[in-house]
Amino acid sequence: MGDNLERTIPLSNPQISGNDIEVVVEVLKSGRLSIGKYTKMFEDSIANYVGAKYAIAVSSGTSALHLIIKSLGFGKGDLLIVPSFTFIASANVALYEGGSVEFVDIEPETLNMDIEHFEQVVEKNAGKYRSMFLMAVDVFGHPLDWDSVVNVCKKYDVKIIEDSCEALGSEYKGRKVGTFGLGGAFAFYPNKQITTGEGGIIVTDNDEIFKLSAAMRNQGRGEGQGWLSHDYIGYNYRIDEMSAALGWSQMKRIDTIIDKRNTVAKRYEELLKDTSIETPKVMDYVTKMSWFVYVVRLPKPADKSIRDKVMKYLEEKGVQCRNYFSPVHLQKPYRELGWSEGTLPVTEDISKRTIAIPFYTDLGKEDQEYVAENLRKAVEIFIK
């Protein structure tokens, strides 16, 4: 940080209300800190909100994705197709179960999966695997073009898992994301729309996913089984009762939270409209956008080294920022599987120019003006 730091604006900041604190304290005083009433209440609130038959609360979004993929029998001999421009857990869950991973490039407008490239990847791998699965990511809260995705998957019998961990509340043509696949996942880390501290949830209409995920999150205990009776190989993927209570309390104001985050996003768009900085684009098929982060792109000829200088400048001014995302296929575990530069050109180009700037529900106008002013200055200094 610089010596003359005017202020510090965090990258994210959870909105915690007095009611949130009261309900968590209530749980602490009750002595029932796991598998209590609030876990079920939280699950019901999510299921009702997105329009799913079932919801299974778990310890993280990663746990949710893992349980979905395992419930569907994914394993050795199966292929998971996934965008590289995502959080690494979207791909890692395939390796947990001994399956294979194939990455797909992104479209430059939304940063979501390029559906034409997806179909090419599916065609290339048709007949090589027992089954093909798609890990469909609604990146940064922006829904995929779901009609196009579903058409390709039906054509080639590709099973869909929806990673909506960043997109709670977003809608595609009036339908909530998380509900387009056999199972969907949301996550509640402190920078998400709502938070449980750590936590995630599975939503599904599939009876088998519900039965197996509910059992496997709790050490493989089947419904009605005793304390030390186990029907499946399971995990300790339970959510604790304090986290569930916090999530339930936050869900009571989810629409207000989403509206406030939309206001923050629109304000950034206005503040940056007369610059060379590329702001996020929301497509016409999105009937509701639930913003997770606000990721801008530096103009070309910016590259990673220039992006890093811009970020350093912002940090010195007290503006927290991060690069979002680093391509998964270029992370060490996937390089060791044979992936390298040059395979996904759009992902590789855009990832070198992206910066997530401060974004959260209660971010004020003056702080946003300060962020935008310093971002503009940094671009003027480092990008000629």
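For region 112-211, what's the relative contact order in percent, using C-alpha pairs closer than 8 Å and at least 6 residues apart?
Normalised by residue count, the contact order of region 112-211 is 21 percent.
Could you work out [θ]222 nm for the chain from helices alone, using -39500 (n - 2.57) per DSSP H run of at least four and dividing by all its residues? Round to the nearest 500 deg cm²/dmol.
-12000 deg cm²/dmol
At a Förster radius of 25 Å, what calculated FRET efficiency corresponds to the Cβ-Cβ distance of ASP303 and GLU380, to the nearest 0.05?
0.90
Take the chain, connect every pair of alpha-carbon atoms lying under 10 Å apart with a spring to form a Gaussian network, then pick out the residue of SER30, SER131, SER60 with the largest mean-square fluctuation.
Judging by the Gaussian network model, the answer is SER30.
Straight-line reach from LYS384: which aspartates and glutamates fall under 13 Å, measuring Cα to Cα and dropping same-chain residues less than 8 apart?
The qualifying aspartates and glutamates are ASP303.
In debye, nearest 20, what is the charge dipole magnitude of region 1-144 about its Cα centre with +1 on Lys and Arg Cβ and -1 on Asp and Glu Cβ, if you could check?
Numbers: 11 positive and 18 negative charges, 185 e Å.
Computed charge dipole of region 1-144: roughly 880 debye.
Might you tell me the accessible area per residue for region 311-384, computed with a 1.4 Å probe and given in Å²? Let's see the in-between values first.
Details: 3390 Å² over 74 residues.
Value for region 311-384: 46 Å² per residue.
Order TRP291, TRP227, TRP248 by their accessible area, 1.4 angstrom probe, all chains in place, largest first.
TRP227, TRP248, TRP291
With a cut-off of 8 Å between alpha carbons and a minimum separation of six or more residues, what is the relative contact order of the chain in percent? Walk me through the numbers on the way to the answer.
Working: 798 pairs, mean separation 89.0, N = 384.
The normalised contact order for the chain reaches 23 percent.
How much length would be gained if the chain were fully extended between THR8 and ILE35, taking 0.36 nm per residue of separation minus their Cα-Cα distance, in nm to one decimal? Let's see the in-between values first.
Working: separation 27, 0.36 × 27 = 9.72 nm, distance 3.90 nm.
Working it through step by step, the gained length comes to 5.8 nm.
Spelling out what I want: for every residue of region 266-282, take phi, set θ = phi - 60°, compute 6.51 cos²θ - 1.76 cosθ + 1.60 (Karplus), and round to whole Hz; glycine and proline get x.
Rounded to whole hertz, the list is 5, 5, 4, 4, 5, 5, 10, 5, 9, 10, 7, 6, 8, 9, x, 10, 10.
Taking N as the number of residues in region 211-264, what value does Rg over Cα atoms divided by 2.2 N^0.38 Å take?
Normalised by 2.2 N^0.38 Å, the Cα Rg of region 211-264 equals 1.68.
FRET efficiency for TYR156 and GLU369, Cβ-Cβ distance as r, R0 = 45 Å, nearest 0.05? Before the final figure, lay out the partial values.
Details: r = 49 Å, r/R0 = 1.08.
E(calc), rounded to 0.05, equals 0.40.
Under a plain spin-label model, where a point goes 7 Å from the Cα along Cα-to-Cβ, how far apart in nm are ARG130 and ASP44?
For the pair ARG130/ASP44, the computed spacing is 3.9 nm.
Would you calculate the volume per residue, in Å³, of the smallest convex hull containing every Cα atom of the chain?
Details: hull volume 56.6 nm³, N = 384.
Per-residue hull volume (Cα only) is 148 Å³.
I need the Debye-formula profile for region 1-154: one equal scatterer per C-alpha, no solvent, reported as log10 I(q)/I(0) at q = 0.12, 0.14, 0.17 1/Å, two decimals.
Log10 of I(q)/I(0), two decimals: -0.73, -0.89, -1.09.
List the pairs from LYS40/LYS281; LYS173/LYS266; LYS192/LYS365; LYS124/LYS159 whose alpha-carbon separation is above 26 Å, in the order I gave them.
LYS40/LYS281
I'd like the distance between the alpha-carbon centres of region 1-75 and region 152-190, rounded to an integer number of Å.
So the two Cα centres are separated by 18 Å.
For ARG175, ARG238, give the ranking by accessible area with the largest first, probe 1.4 Å. The partial results should precede the final answer.
Values: ARG175 110, ARG238 75 Å².
So the residues, ranked largest to smallest area, are ARG175, ARG238.
For LYS154, which aspartates and glutamates qualify as cross-link partners when the Cα separation must be under 14 Å and same-chain residues fewer than eight apart are set aside?
Within reach: GLU119, GLU123.
Please give the contour-minus-distance gain from GLU22 to GLN120: 0.36 nm per residue of separation, less the Cα-Cα distance, rounded to one decimal in nm.
30.0 nm
The values are calculated or read from the model by the stated rules, or taken from the named source; none is laboratory data. Fair warning: this is a prediction, and the values are worked out from it, not measured in the lab. Cβ coordinates were reconstructed from backbone atoms using ideal geometry, including for glycine residues, and neighbour counts include every protein chain displayed. In case anyone asks, the SASA skips ligands and DNA or RNA and just uses the protein heavy atoms, side chains included. Shrake-Rupley method; radii C 1.70, N 1.55, O 1.52, S 1.80 Å.
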